[in-house]
Amino acid sequence: MKNIHRRIRAARKNLRAAWELFCGGTVAQSRAAHEERSGEDMPKSELEVSRRRLLAAGTAAAMIGAAPHAQAQSRPANQKASPQRSVSFEVNGKPCSLQLDTRTTLLDALREHLRLTGTKKGCDHGQCGACTVIVNGVRINSCLTLAVMHEGDRITTIEGLGQPEHLHPMQAAFVKHDGYQCGYCTPGQICSAVAVLDEIKAGIPSHVSVDLTASPEITNIEVRERMSGNICRCGAYSNIAEAIAEVAGSKS
Amino acid sequence: MKEFTYERATSAEQAAVKARQTPGAKFIAGGTNLLDLMKLEIETPQHLIDVNGLGFDKFESTPEGGLRIGALVTNTALAADMRIRRDYAVLSRALLAGASGQLRNKATTAGNLLQRTRCPYFYDTNQPCNKRSPGSGCAAIAGFSRQLGVLGVSDACIATHPSDMAVAMRALDAEVETIDPEGKTRRIPVADLHRLPGDTPHLETTLGPGELITAVTLPPPIGGQHVYRKVRDRASYAFALVSVAAVLQRDGSGRVAIGGIAPKPWRVEAAETELPRGPKAFAARLLADAKPTASNAFKVPLVERTVAAAINEARQP
């Protein structure tokens, strides 16, 4: 009997830990947040339903091996914690300081630690471009760079380019030209497109530039070559190219 | 990804000493290849030494009239530099034919030279691979070897070096500058930087423990028509099946290095003496020792045709 009570206590503790992991706060904090949002007490039944959902979510996450924090928590006490390091950079104009496992990519720092989920994880190997962000004015794959290597950097994500009430011209052009279907690659496409126009303006040639020493022009073929690191599985390429052409002020 | 500790290097000498002293240490610069491999646990460094910030991101003219490219110059910055575009166009063209805009913005000159093969069996940790796991065997030789090497290969490994940039550097007779943990510097011709696999395909370069590349030096410009021709499965953002870096002179002589067919950029100076006789004679000499598999035998005629196309391109007014 005593054993059963101990196991129930352990199970509750695990549940609280899982709640904190997936909901970003304690059960009490979640309840308080809900009450603040809705102006009413959170019914116990809703919490119960949420807990059941949570358990299902936890199982799914465990199955796909997507719970590194949970693994860290289950580390035996005699093992050293994984190496951590602090880093400070600016994201969308706001300074932020993070204490991170050294393995954290810039992509995971943005999504999992700063909750900027606009930047997407596609392949996580630099092949699809969904994670493209602009660092110090230059587009990069945020999945192939460690967050701790960005001390002092200025990072712009899709959230920093524009918001629904004041879209960046490139965001507005993607909407107007239907430059997406499922939308998953879109934040990367837009960040890449903004940087592509800057690269052309800066005179950086491309594989399709006929005269290597001339200033490159903004043509359809130039844009397509330069956007080749952003894959769109829905195949919205022609509309993406039209959106970019409109922002560039070119119709060719 | 396996755990690792991380530090920012404060000087090249300190970085080289630290790399030799620390078990499982590796340098990291752009990280575009290393992190990819670390996520797959093909690379499992215990300590990373970040060499960004050492100031090796500049160009300098050399006293001989050449150009010294800092090891940390990004692929984009190198391709876009007007001296490269004007005097070493084959290098600019090669860089622009490789990877994607995002990757070129991060990848560095030294990192590009030291990138690992993209052999699918090297990447698949369920398969034997002598390069990844010495002595385990090679699944590629009897496997899907369409992308893999036909020259310089061995019974232990048929992986290719995937760089475009290195092929142009080979044609230009570039040299790599390094510093070792004793603080000694040396210059290594790009031709001698990569080893052939032999029985030890896991040993890929002639760099010593802790030795750090600080720059790549280009000799004075040699003029001529510069062409980089890359044949691949799609028009952009794919590795070469065959690539040709050519610097051709009006008298029909020239230099031709080939990518996508060997564990290092492949250039045979003796074959270049055949160039005035045409691409067939050149390719016959270059490929005399080719050992293709059934799946990549197409690369042998493809080299000849790609060289022919490059020569034609160079003759265009």
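Translational diffusion of chain B, estimated by Stokes-Einstein from the Kirkwood radius over alpha carbon pairs at 4 °C in a medium of 1.567 mPa s, is 65 µm² per second.
Near A:Cys182, within a Cβ-to-Cβ distance under 14 Å, what is the net charge of the other residues, with Lys and Arg +1 and Asp and Glu -1? Write out the running numbers ahead of the final one.
Working: positive: A:Lys120, A:Arg233; negative: A:Asp178.
Spelling it out: positives minus negatives among the neighbours equals +1.
Stokes-Einstein, applied to the Kirkwood radius of the protein assembly as shown over Cα pairs at a viscosity of 0.890 mPa s and 25 °C, places its translational diffusion at 95 µm² s⁻¹.
Which FRET efficiency value, to the nearest 0.05, do you get for B:Phe298 and B:Thr62 by plugging their Cβ-Cβ distance into 1/(1 + (r/R0)^6) with R0 = 35 Å? Step by step, r from the Cβ atoms, then E = 0.30. Helix-derived [θ] at 222 nm for the protein assembly as shown: sum -39500 (n - 2.57) over DSSP H runs of at least 4, divide by residue count, nearest 500? Computed ellipticity for the protein assembly as shown at 222 nm equals -10000 deg cm²/dmol. Cross-link partners for A:Lys94 among the lysines, with Cα-Cα distance under 25 Å and sequence neighbours closer than 8 places in the same chain left out: A:Lys120, A:Lys121, B:Lys106. For the peptide A:133-142, the mean number of other protein chain Cβ atoms found within 10 angstrom of a residue's Cβ is 4. Summing charges over neighbours of B:Ala171, with a neighbour being any other residue whose Cβ is under 14 Å away from its Cβ, gives +1 when K and R count +1 and D and E count -1.
Rounded to the nearest 0.05, what FRET efficiency is calculated for A:Asn136 and B:Asp124 with R0 set to 30 Å and r the Cβ-Cβ distance?
On the way: r = 36 Å, r/R0 = 1.19.
Working from the Cβ atoms, E equals 0.25.
Summarise the accessible area of the protein assembly as shown (1.4 Å probe, protein heavy atoms) by the percent that is carbon and sulfur. Mind dumping the intermediate values first?
Numbers: 13550 of 26420 Å².
For the protein assembly as shown, the apolar C and S fraction of the accessible surface comes to 51 percent.
For the residues of B:85-94, the average number of beta carbons from a partner chain within 10 Å of their own beta carbon is 2. Kindly write out, for the stretch B:146-157 in residue order, the coupling ³J(HN,Hα) from the Karplus curve 6.51 cos²θ - 1.76 cosθ + 1.60 (θ = phi - 60°), rounded to whole Hz, with x marking Gly and Pro. Computed from phi, the couplings for the stretch B:146-157 are 3, 7, 8, x, 10, 10, x, 8, 9, 5, 9, 6 Hz. In summary, the lysines within cross-link reach of A:Lys176, defined as a Cα separation below 19 angstrom excluding same-chain residues under 8 places away, comprise A:Lys251. Taking a label point 7 Å from the Cα of A:Asp198 along the Cα→Cβ vector, which residues of the stretch A:107-133 have an amide N closer than 17 Å to it? From the stretch A:107-133, the list is A:119, A:131-133. The B-A contact accounts for roughly 3400 square angstrom of buried accessible surface, both chains included, probe 1.4 angstrom.
Determine the relative contact order of the stretch B:166-249: mean sequence separation of Cα pairs under 8 Å and six or more apart, normalised by residue count, in whole percent.
Working: 128 pairs, mean separation 24.9, N = 84.
Relative contact order for the stretch B:166-249 comes out at 30 percent.
Remark: mean inter-chain Cβ contacts per residue of A:225-235 equal 3, using a 10 Å Cβ-Cβ cutoff to other protein chain atoms. Distant-in-sequence amide contacts of A:Ile204, defined by a placed amide H-H separation under 5 Å and a gap of 5 or more residues or a different chain, comprise nothing.
With N set to the residue count of the stretch B:156-244, report its C-alpha Rg divided by 2.2 N^0.38 Å to two decimal places. Display every interim value, and only then the final one.
Details: Rg = 15.4 Å, N = 89, 2.2 N^0.38 = 12.1 Å.
For the stretch B:156-244, the normalised Cα radius of gyration comes out at 1.27.
Whole-Hz Karplus values for the stretch B:229-239 come out as 10, 10, 9, 8, 6, 9, 6, 8, 6, 8, 6 Hz, taken residue by residue from phi with 6.51 cos²θ - 1.76 cosθ + 1.60 and θ = phi - 60°; glycine and proline positions read x.
Structure remark: mean-square fluctuation, Gaussian network model of chain B, C-alpha springs under 10 Å; the largest value among B:Ala215, B:Ala270, B:Ala79 belongs to B:Ala270. Computed from label points 7 Å out along Cα-Cβ, the spacing between B:Arg285 and B:Thr10 is 5.4 nm. Taking a straight line from the alpha carbon of B:Lys230, these lysines sit under 17 Å away, with near neighbours fewer than eight places off in the same chain left out: B:Lys264, B:Lys299.
Take peptides A:182-190, A:214-222 and line them up by average Cβ neighbours within 10 Å, highest first, as a rough protection proxy.
Details: A:182-190: 22.2, A:214-222: 15.9.
Ranked by mean Cβ neighbours within 10 Å, highest first: A:182-190, A:214-222.
The values are calculated or read from the model by the stated rules, or taken from the named source; none is laboratory data. Being a predicted model, the structure only gives us computed values, none of them experimental. Positions of Cβ are generated from backbone atoms using ideal geometry, with glycine treated the same way; all protein chains shown enter the neighbour counts. All accessible areas refer to the heavy atoms of the entire protein, side chains included, with ligands and DNA or RNA removed. Shrake-Rupley method; radii C 1.70, N 1.55, O 1.52, S 1.80 Å.
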